[in-house]
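First the structure, in the form of structure tokens, and then the observations on it.
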Amino acid sequence: MFGAVIGDIVGSRFEFDNHRSKQFEMFAPACFATDDTYMTCAIAQAIMRTCAHIPMGSSGYDFEFHNMLAHNAVISLRDFGQRYPNVGYGEMFKEWLHSSSPRPYNSFGNGAAMRISPIGFAASSEEAVMDMAKTVTQVTHNHAEGIKGAQAVASTIYLARRGALKSEIREYVARHFYNLDFQIDDIRLSYKFSESCQTTVPQAIECFLESYSFEDSIRLAISLGGDSDTLAAITGSMAQAYYGIPCAMINSAMTYLDDELRGLWQDWQKVFYEDLRPRKVFVKYLGKLKMLKELGDFYLERSVHNSLYGVQIESEVVCDEFCAELENEIRQFFWQWPELKEQKGYERLYDVQNSPHTARQTLRRGIQDGSLEKWLLEIAGTDIL
């Protein structure tokens, strides 16, 4: 969930003073944690409290679990909201916070999506992601679009941390949630401030999908303008699941949090460990590599898109897409962390990115002779941070 916190803090000073460029200081004295951070922490607390009494099931809908989760969500949201009162809450939410009988108020505001990231990191299945996101969202935002926005973000996080490629995530989002038929550069000049899920969540997902690193995802979200802190919080939550977060950024963000929030995040790490190490970027490809090997001759029927229709695609096309995605990831990775080229396992991947004319062929040979899997396994066993 810490990706959301970082996005919120970095974007806080631009919410009402948009900066439509990726060139800016990430952490400045004017930055602060807003309602996005506090409500994200509240949802994390609600999940931990619930799981301490009722284990989270891997399948099926557990009414007792979801009833307690909803109950704890209300308690935690109201507790954090009342103890941290002046951090940017919407008017309807503020009324809900202080109501003697809190009821959902049919909102489709982007607050539903900015606080949802702990669900994406805690849930153990796609079904659980959808159900848990709905449960914690509808205690306030029970409009269909509010629930949809929360589910879209939580599902994207779940897929990213499970090793899905960006192309698969894009197809999944388009099939179940939003049509991402735009690019950030094309909408930047016309994009306006909005607090709805419909006009924030698709844009945040696109920022993540177009980014090449965690930091770049935050910068791209800020450059779009609009509700900057929330847009960056949502984007950062998804980018964390895909890229990990550089330790220096975590340390910088921690200075904006009080002891309670830092302690809550540490407690969360003990229960639902979030892999914040950049090596996760490549380790996730081990799963894809295994699928290619098991199906033989590098044939892979797309689990997200084509398999739903029984459409088969050429093995060469699938293998080439895999190599293209990995090649691009390698190049972007070493642009951000050039010092890692000396690390065991990484130096071989660095050699790949250092030879752009033969990189694709090298990766294909690495799949066939098993050397690529060996390199990735070496990285998986090396803690570089």
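The values are calculated or read from the model by the stated rules, or taken from the named source; none is laboratory data. These figures come from a predicted structure and were not determined experimentally. Here the Cβ is made from the backbone with ideal geometry for all residues, glycine too, and neighbour counts use every protein chain on show. In case anyone asks, the SASA skips ligands and DNA or RNA and just uses the protein heavy atoms, side chains included. Shrake-Rupley method; radii C 1.70, N 1.55, O 1.52, S 1.80 Å.
Just a few scattered comments:
- Which numbered condition Tyr89 misses (of (1) buried (at least 17 other Cβ atoms within 10 Å of the Cβ); (2) over 26 Å from the mean Cα position of the chain (by Cα)): (2)
- Hits in region 43-57 (condition: open to solvent by less than 30 Å² (accessible area, probe 1.4 Å) and part of a loop (DSSP other than H, G, I, E, B)): Ile54
- Flag if Glu126 is within 17 Å of the chain's Cα centre (by Cα) and of a type in the set (Asp, Glu): yes
- Residues satisfying the stated conditions in region 326-346, i.e. out of contact with any Ser or Thr (no Cβ under 7 Å at 6 or more places or on another chain), open to solvent by less than 50 Å² (accessible area, probe 1.4 Å) and either aromatic (Phe, Trp, Tyr) or at pLDDT below 80 (or both): Glu329, Phe333, Phe334, Trp337, Tyr346
- Summed over region 106-145, residues that are among the small types (Gly, Ala, Ser), closer than 16 Å to Met1 by Cβ and in a helix (DSSP H, G or I) total 7.
- The single residue among Asn106, Asn179 that is at positive phi and surrounded by fewer than 19 Cβ atoms within 10 Å (Cβ to Cβ) turns out to be Asn106.
- Taking each residue of region 280-295 that is assigned to a helix (DSSP H, G or I) and looking for partners that are modelled with pLDDT under 70 and of a type in the set (A, V, I, L, M) with beta-carbon atoms closer than 7 Å, six or more apart or interchain, yields Met291/Leu300; Leu292/Leu300.
- For the residues Phe272, Phe193, the requirement of being at pLDDT below 95, open to solvent by 20 Å² or more (accessible area, probe 1.4 Å) and out of contact with any helix residue (DSSP H, G or I) (no Cβ under 7 Å at 6 or more places or on another chain) singles out Phe193.
- Residue list for region 1-34, filter: open to solvent by less than 20 Å² (accessible area, probe 1.4 Å), under 30 Å from Ala123 (Cα atoms) and of a type outside the set (Gly, Ala, Ser): Met1, Phe2, Val5, Ile6, Asp8, Ile9, Val10, Thr34
- Checking the stated criteria, Ser117 turns out to be under 23 Å from the mean Cα position of the chain (by Cα), surrounded by 17 or more Cβ atoms within 10 Å (Cβ to Cβ) and closer than 20 Å to Ala241 by Cα.
- Checked across region 106-128, the condition of being more than 23 Å from Ala233 (Cα to Cα) and free of Cβ contacts under 8 Å to residues at least 24 places away in the same chain holds for no residue.
- Only residues that are under 19 Å from Glu195 (Cα atoms) and of a type outside the set (A, V, I, L, M) were counted in region 135-172, giving 11.
Residue-by-condition table, conditions (1) out of contact with any Phe, Trp or Tyr (no Cβ under 6 Å at 6 or more places or on another chain); (2) of a type in the set (A, V, I, L, M, F, W, C); (3) modelled with pLDDT under 75; (4) surrounded by 17 or more Cβ atoms within 10 Å (Cβ to Cβ):
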position: Leu292; (1), (2), (3), (4): no, yes, yes, yes
position: Asp297; (1), (2), (3), (4): yes, no, yes, no
position: Ser303; (1), (2), (3), (4): yes, no, yes, no
position: Phe322; (1), (2), (3), (4): yes, yes, no, yes
position: Arg348; (1), (2), (3), (4): no, no, no, yes
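- Filtered residues of region 154-172 (kept if among the polar types (S, T, N, Q) and buried (at least 20 other Cβ atoms within 10 Å of the Cβ)): Ser155, Thr156
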